[in-house]
Amino acid sequence: MKEQQIHNREVLRKVFELIFRPLDALFNTGKLMLCADGRMRQCYPVICAWTADYFENIHLHSIKQPHCPVCEAPKSSFGEGNSSSWQLRDYRLYFQKMILATQGDETERREARQYLEDRAVGTSEGVFWNMKCISPTTIIVPDILHTVYLGMLKHLMDWVTSFLEQHSRIDKFNQLWAMMPPYPGFARFNKPYSQVTQWSGKEMKALGRVIVPVFAATLLNPSASQRIPFTEALLCVKNLVYFHLMAQYRYHTEATIEYMENYLEEFHRHKDVFSRFRASKSTKKVSEALKKQLTLDKQEERESDPAWNNLSAAAKRRRVDEDKTQIESEIAQHLVDESDFNFVKMHLLNHFSDHIRQLGNLLNVSSELPEKAMMDLKQAYRQSNRHEAAFQILRTKARKEVFQYRELNANAAKQRRDDEMPLTKAPIKRMMKNPRPEIKTLDDLAEWCAMPKGELQNHIAWCFKRFADFTDYVDHDQYFSRLNDAKYIRYNAVAIPVTSFQCDEQAVHMVRCTGSTRWRKHKPPRNDTVLLWMGTSPDSHFKSTAGRIPARLKCLFVVEDAESSVKGLLALVQTFATGPIRQTAGMVIVEERHQPPMQPLHDGSYRRKPLFGVGTTYIVPISAIQGAVHLLPLTPQPDSSRWYLSNTIDLNAFNLFYM
């Protein structure tokens, strides 16, 4: 079996050598190429990065498992946070040592073999060792998909679930997990966490966006003995999630890299709270045997005590409970002493910051891209007749790519003027979606909103005055009465353009408001939460949310006053009260507070300035809606009135509500 593996690796090396032979030749002579600035230059091709997961890398570079392919750190140091003291691997030197191990004299062969063995280098030559067109210092790049999403986050969730089971909080965690609210671009989890048996990379990526608020809500109201371990566990989870969010940045500065390194350092500082859950199978087996032995020893000790038979039943129960507590403490300490964090994916996180300094954006070298391309190959195989499938797969893949290239060229041609200057992409407009024809008048709208007609009419008038500087509806009775005769249409959704973080592209937040009616027949009603931005200095009540006001949609509608030539796209909202920042969780708690309804004046009218601010209901134009906001309930009850404002749901929220 070992000989076959060596043969397979040699075949792989020969294949790669054949593929890259033209590049090796060009590396010596160079080639004149047209550059982006229109000038011809002598270019020398160098492959600076090769996207692969950990197991592919150790096979390509002939490194023994479970050692690091980047540096020469021993396995016993993988759980440490700092890897700067370890020498980076020199594959050129390994190649020279391997030549000495086979062609040198006896002393040279022995020393070379010992040198390679001490550094966990395999017995066969690595694929890239002797290639000139390879950059040996950057060829191995971080793989966010397998190292973070399917690696560290998966390990973290194993620790978290075991931790919650130990403290009898797993049921609350599952309940909060299943009732997670929707958010644009986020696929909700339909099952409790414990019922999911297999996770994909896409699902683990989504998990990293919500685990902090769910875990924080699960650990609320600890006992005195739980306060310290709960704090340590939450800080550990938070810092790892913050690290992986910053690893997704498109652009980095030395400050952002330093933030990443600090988050990783804090993660290592607090990770020992999960150390007992890192025990191997053999360690757990030994612990079970030790527990049985300690239980028998305590039983013999009690029965051999002359005073045991004279104790009352209650005293005996107390003695037995004390012995059980002592045994559990000893077993827990044994698991901690025999466990460690020395696995390679924990260690690979230390190299992320160095690779960012060398190559920049890690998403460009993530294996998510080739993994996604593999889906096309699998689909092509399913479409083939299974006879000479390889040829059919390649032909289908080539055809699809040709059509994609033609589509890209066609789109590029559309976006150019006659002078070949690129057109500026038009910004996405806010638009109402899904009109409901049953609402036509102010009376219909007031009935749907469960609000007195006069109060709703007054809110609309003040909305135009406050946000559009149109004061006639408030100042003149004639104009105010026109709102009663205006045309009204209610909508179920509104599309809000949101500029992506560190990107010129715009995403669309589709926020919905269906009142008490179901959404899509079989789904519950949707009244989404949004962020309001008034474009003024931050309100004193909303400093913890950077001046943004979290609110719940109550109604989306359009009012059109043809006589005054006024049209407004409006939203009835109810704002939340924001509490202080919870430093451990790094999030703000928002609370629903109901202000008393507006009372009519002595003449029965509502024509006065309405309340604005915390816990009030008023009308804003949809231009004041900045986007959706993700609120996680603090309790699993459906009528919960307090939520965590999540700052990890996406990079926009992470940088806006950085705590």
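The values are calculated or read from the model by the stated rules, or taken from the named source; none is laboratory data. Computed from a predicted model, the values in this text were never measured in an experiment. Cβ sites come from the backbone with ideal geometry, for glycine too, and all protein chains shown count toward neighbours. Areas reflect the complete protein model, heavy atoms only, side chains present, ligands, DNA and RNA absent. Shrake-Rupley method; radii C 1.70, N 1.55, O 1.52, S 1.80 Å.
In table form, for the structure just shown:
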quantity	calculated
From MET131, MET157, residue being open to solvent by less than 20 Å² (accessible area, probe 1.4 Å), of a type in the set (A, V, I, L, M) and not in a helix (DSSP H, G or I)	MET131
Test for LYS291: is it closer than 24 Å to ALA73 by Cβ, touching a residue at least 24 places away in the same chain (Cβ under 8 Å), open to solvent by 30 Å² or more (accessible area, probe 1.4 Å) and part of a helix (DSSP H, G or I)	no
Residue count for region 337-356, restricted to those that are part of a helix (DSSP H, G or I) and surrounded by 15 or more Cβ atoms within 10 Å (Cβ to Cβ)	13
Cβ-Cβ under 7 Å pairs, at least 6 apart or on other chains, region 114-132 side of a type outside the set (Ser, Thr, Tyr), far side in a loop (DSSP other than H, G, I, E, B) and surrounded by fewer than 19 Cβ atoms within 10 Å (Cβ to Cβ)	ARG119/GLU72; ALA120/LYS64; GLY122/LYS64
Number of the condition not met by LEU296 [criteria: (1) open to solvent by less than 80 Å² (accessible area, probe 1.4 Å); (2) modelled with pLDDT of 80 or more]	(1)
Selection count, region 1-60, where residues are in contact with a Cys (Cβ under 8 Å, 6 or more places away or on another chain) and either of a type in the set (Gly, Ala, Ser) or open to solvent by 100 Å² or more (accessible area, probe 1.4 Å) (or both)	3
Filtered residues of region 601-611 (kept if open to solvent by 60 Å² or more (accessible area, probe 1.4 Å) and touching a helix residue (DSSP H, G or I) at 6+ places or on another chain (Cβ under 8 Å))	ARG607, ARG608, LYS609
Output for region 384-417, where each listed residue is among the charged types (D, E, K, R) and assigned to a helix (DSSP H, G or I)	ARG395, LYS397, ARG399, LYS400, GLU401, ARG406, GLU407, LYS414
Helices (runs of 4 or more DSSP H) contained in region 425-508 and holding at least 1 residues open to solvent by 30 Å² or more (accessible area, probe 1.4 Å) and within 25 Å of THR529 (Cα to Cα)	442-449, 453-468
Matching residues, region 64-119, being small (Gly, Ala, Ser), open to solvent by less than 60 Å² (accessible area, probe 1.4 Å) and not in a loop (DSSP other than H, G, I, E, B)	SER77, ALA101, ALA112
Region 302-315, residues that are part of a helix (DSSP H, G or I) and without any contact (Cβ under 8 Å) to a residue 12 or more places away in the chain	GLU303, SER304, TRP308, ASN309, ASN310, ALA313, ALA314, ALA315
Condition check for ARG319: free of Cβ contacts under 8 Å to residues at least 40 places away in the same chain and in a helix (DSSP H, G or I)	yes
Region 202-217 residues that are closer than 14 Å to THR231 by Cα and open to solvent by 10 Å² or more (accessible area, probe 1.4 Å), paired with ones that are at pLDDT below 95 and not hydroxyl-bearing (Ser, Thr, Tyr) (beta carbon under 8 Å, 6 or more apart)	none
Meets criteria (touching a helix residue (DSSP H, G or I) at 6+ places or on another chain (Cβ under 8 Å) and modelled with pLDDT under 90) for LYS284	yes
Odd one out for SER500 among (1) closer than 27 Å to PRO597 by Cα; (2) touching a residue at least 60 places away in the same chain (Cβ under 8 Å); (3) of a type in the set (Ser, Thr, Tyr)	(1)
Top-ranked residue of region 623-652 - restricted to ones that are open to solvent by 10 Å² or more (accessible area, probe 1.4 Å) and either in contact with a Cys (Cβ under 6 Å, 6 or more places away or on another chain) or in a helix (DSSP H, G or I) (or both), ranked as farthest from ILE211 (Cα to Cα)	SER623
